[in-house]
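The values are calculated or read from the model by the stated rules, or taken from the named source; none is laboratory data. Note that the structure is predicted; figures quoted are calculated from it, not measured. Every residue, glycine as well, gets a Cβ built from its backbone with ideal geometry; the counts of neighbours run over all protein chains shown. Keep in mind that these areas ignore ligands, DNA and RNA; they rest on the heavy atoms of the full protein, side chains included. Shrake-Rupley method; radii C 1.70, N 1.55, O 1.52, S 1.80 Å.
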Amino acid sequence: MDVGRLPSGGDELTPAEDSGPTKLKMHPLAQWSIFPIDLAPCPPEKCSVRSYQNYIGGQWSAAASGKTFETRNPADSREVVASYPLSGTPEATAAIAAAQAAFPKWAAQTAVARGRILSKASQILESRKPELAELLVREEGKTLTEATGEVGRAVDIFRYYGGISYSANGQTFPHDLAGNLMFTRREPLGVVALITPWNFPIAIPAWKAAPALLSGNAVVLKPASQAPAMTLEIARALHDAGLPAGVFNVVVGEGRPFGAEVASNPAVQALSFTGSHAVGTSLYQAVAPRRIRCQLEMGSKNPTLVLADADLDLAAKLVAIAGFGLTGQACTATSRVIVERPVLAAFTEKLIALAKVWKVGPGLAAGVQMGPAVNEAELQGNFDAIQQAQAEGAELLWGGGRLTEGDLAHGWFLQPAVLGNVTPTMRIAREEVFGPVVAILAVDSFEEAIQVANGVEYGLSASLITRDFKKAMLYSERIEAGVVKVNQISTGLALHVPFGGVKQSSTDTFREQGTAALDFYTRSKTIYLDYSA
Ligand code: NAP
């Protein structure tokens, strides 16, 4: 991103296309019934509640138990957005069996043939972008600008992997003997399991599923229960694009039985998980006995370092966008600002000035920069973290209160919070909060800033604001993070470059996104060929 061009509040993934002010409609998606089986108790044109099913073996199906659960709009918890099957072990087993059956034929297709289906799915998703963005806002809570950018990112991901299908293969190597050749083939792993979080409900399933499918694997995916709709919309797009039955399967419901089945079912060859550190760690231990390939991308405590020579207006804007944008519910969000003492007061003042005018409200309302927390538990987690910080001696400089004016009382809204007087040993400086809560730490030197930045267990993203080229280079060498930004927001990723964390943020083995993702979803075979005789 050009430093001179500031992104809008929702620039986590891609420069978002702002589709302009949108009126809040109660039944925005009711005009079409999406699935052959629709459990909605009222006619689609009158019913605001979507009814989704699992997608297993190319069929839409309920849970064997008949149980369902519903999602609610974080901006107004009175509104039920959709109902889903509450699936468990039988559905996980069925999805894995369907994937196992579909795998050989899918793997036997050329990558180009597989890529064509991904490209077609991209076109289908693109044709439905405004509706999907609106549904995403209603289920997850981010702003329409942010959601539109995220749906656009999923469109681009499928297009990207469709495009690289023409080059996604192995390498050739010269031999030291004439008439000999060596080459590698990328081969799919088999059935791969994907488990995804709620905070990027379409981008993350897309960035895992697209490279997995392009590589010739069959997929079983469990989305987060907080926001499963987008994953099922991906399934629908792939289905309509002509993906063979069983190649892509979605099971909605409880994480624990799905994880247990993935861990024990010998058909599953790999697990890619994005989510919390606690769940990721338990899954890592569960799959370890079978030694399957496992990729975990988890939480973090991302710093932005503000040096004394920084453009402080720029620094405050970048921190506000990376800290308050997406309601701070991004794994790459800035939650620590490490500021050189000579500019501490001026920077703090500028950040607070922005926090005071940061517009909080329902994501579908015009001009809103920050939506609600995703649910009551996350909201309470923010308040608890702020209280704990104050108990340890931090000062709440601005915000952090619940917003209850008018209809906001029905949602999980809070003011962006700025905490000062924070020291590196406080919990607020060490543990992920996953909300718009920014802690400011003062340091006396560039060296100390790096030391404080690195002094946590996590290492996903880190940003530095400076005009000093040498310090920028030294920082990029020394910072312990997988994503390193200079004069940019700590959030915001390109889809075609490697992405992943270090330390406790990741298994730190394989990277996601771009061609790096193909390394996880394929194994390499080396062929020695002698045609000299
Ligand atoms: P989470 O609670 O760990 O859930 C993630 C997924 O795991 C959900 O689909 C969840 O299903 C499932 N799950 C829960 N318990 C499970 C179990 N015992 N076995 C198998 N699956 C289980 O995380 P979250 O609250 O959705 O997401 C927020 C976290 O994700 C934050 O820590 C954030 O930093 C991290 N994150 C990291 C990245 C990254 O790339 N590093 C990106 C985005 C988010 P249910 O929803 O049904 O419980």
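Rounded to the nearest whole Hz, the Karplus-based 3J(HN,Hα) values (6.51 cos²θ - 1.76 cosθ + 1.60, θ = phi - 60°) of the stretch 54-66 follow the sequence 5, 10, 10, x, x, 10, 8, 9, 7, 6, 4, 6, x, with x at glycine and proline. Between Ala82 and Arg50, Thr71, the built amide H atoms are under 5 Å apart, and every one of these is 5 or more places off in sequence or on another chain.
Between the exposed loop cleavage positions of the chain, defined as trypsin sites (Lys or Arg not before Pro) in a non-H, G, I, E, B DSSP state with at most 16 neighbouring beta-carbon atoms within 10 angstrom, the longest gap is 68-290. Here the stretch 302-486 exposes an accessible surface that is 50 percent carbon and sulfur, computed with a 1.4 Å probe and the other protein chains kept in place. The stretch 143-163 and the stretch 332-363 have Cα centres separated by 28 Å.
Taking amide H positions as modeled 1.01 Å from N, with prolines and chain starts lacking one, the residues under 5 Å from Gly253 and 5 or more places away or on another chain are Ser87.
So, for the stretch 302-486, what is the accessible surface per residue at a probe of 1.4 Å, expressed in square angstrom?
38 Å²
Ranked from largest to smallest solvent-accessible area, with a 1.4 Å probe on the protein heavy atoms, Tyr52, Tyr284 come out as Tyr284, Tyr52.
Looking at the stretch 405-453, none of the chymotrypsin sites (Phe, Trp or Tyr not before Pro) sits in a DSSP loop with at most 11 other Cβ atoms within 10 Å of its own Cβ. Contact order for the stretch 179-335, expressed relative to its length and based on alpha carbon pairs under 8 Å spaced 6+ residues apart, stands at 21 percent. Backbone phi angles across the stretch 247-255, fed through the Karplus curve with coefficients 6.51, -1.76 and 1.60 (θ = phi - 60°), yield HN-Hα couplings of 6, 10, 10, 10, 10, 9, x, 5, x Hz in residue order; Gly and Pro are listed as x. Here the relative contact order of the chain, from alpha carbon pairs under 8 Å that lie six or more residues apart, stands at 18 percent. Just tell me the longest site-free run in the chain, where the sites are GluC sites (Glu not before Pro) in a DSSP loop having at most 15 other beta-carbon atoms within 10 Å. Counting only loop sites that pass the neighbour cut-off, the longest clear stretch is 46-391. Along the stretch 96-109 the Karplus relation, 6.51 cos²θ - 1.76 cosθ + 1.60 evaluated at θ = phi - 60°, assigns HN-Hα couplings of 5, 5, 5, 5, 4, 5, 7, 4, x, 5, 5, 5, 6, 5 Hz to successive residues, with x for each Gly and Pro.
Amide H contacts for Leu397 (H built 1.01 Å from N in the peptide plane; partners 5 or more residues away or on another chain; cut-off under 5 Å): Val418, Leu419, Gly420. Could you please state, rounded to a whole Å, how far the C-alpha centre of the stretch 216-255 is from the C-alpha centre of the stretch 261-313? A separation of 21 Å, based on Cα centres. Of the residues Tyr161, Tyr458, ranked by 1.4 Å probe accessible area with the largest first, the sequence reads Tyr458, Tyr161. The alpha carbon gyration tensor of the stretch 302-486 gives principal lengths a ≥ b ≥ c with a/c of 1.5 or higher and a/b greater than b/c, which makes the shape prolate.
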